[in-house]
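Just so you know, all these numbers are worked out from the coordinates, no wet-lab data involved. Model, not experiment: these values are computed from the prediction. As a convention, Cβ positions derive from the backbone with ideal geometry for all residues, glycine included, and neighbour counts pool all protein chains shown.
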Amino acid sequence: MIKVERIYNNPRGNSTFRILVDRLWPRGLSKDKVRVDIWQKDIAPSNSLRRWFSHDERKWDEFKDRYFKELEKNAEFVNTIIDRAKKEPITLLYGAKEEKFNNAMALKEYLEDKIKE
């Protein structure tokens with residue numbers, strides 16, 4: 001099972017393995033105050049793709065296409081997360097204010113498709 005959660009939300013009772021999937025550490029949070037099991041910044045979209053997308057809903061489908069192509073070149077990190085998700089529930093953490101159109105939601109879709117293959 002793969003869940004997605006904004007890192008700023010309190011993880012009340014969430015005992016899943018928590019993976020931060022943003023390239024940048026979220027503003028205003030100290031690393032010792034947040035429950036993150038690993039920070040997998042190398043699986044995040046490239047800086048140029050992240051800036052281009054800027055959480056614009058109109059660019060969502062194109063963003064996913066481009067991001068999925070980047071993920072295809074990043075099989076090592078993708079497989080690490082897939083292996084973990086097959087063993088136990090995981091939560092992908094993101095920092096964006098946008099809850100529907102962010103890299104963690106796209107990554108969840110990508111990972112779930114890969115697990116089904």
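Counted by Cβ distance under 10 Å from residue 105, the other residues give a net charge of 0, where Lys and Arg count +1 and Asp and Glu count -1. Span-like helix criteria (full DSSP H runs; alpha carbon extent of at least 24 Å along the helix axis; mean Kyte-Doolittle hydropathy of at least 1.0) are satisfied in the chain by no helix.
Magnitude of the charge dipole for the range 1-113, about its Cα centre and with charges confined to Cβ atoms of Lys, Arg (+1) and Asp, Glu (-1), is about 480 debye.
Label zone of residue 87 (point 7 Å out along Cα→Cβ, amide N under 19 Å): in the range 14-32 this covers 15-21. If the limit is 24 Å between Cα atoms, which of 31/69; 31/114; 87/116; 33/87; 33/73; 33/86 go over it? Distance filter (> 24 Å) returns 31/69; 31/114; 33/87; 33/73; 33/86.
Dividing the mean sequence gap of close Cα pairs (under 8 Å, 6+ apart) by how many residues the chain holds gives a relative contact order of 44 percent. Residue separation of residue 100 and residue 75 scaled by 0.36 nm, minus their Cα-Cα distance, works out to 6.5 nm of gained length. Write down the percent of antiparallel bridges among all DSSP beta bridges whose residues are both part of the chain, to the nearest 5. Among the beta bridges of the chain, antiparallel pairing accounts for roughly 0 percent. In the chain, taking the dipole from charged Cβ atoms about the Cα centre, the farthest positive-side position among 79, 28, 2 is held by 28.
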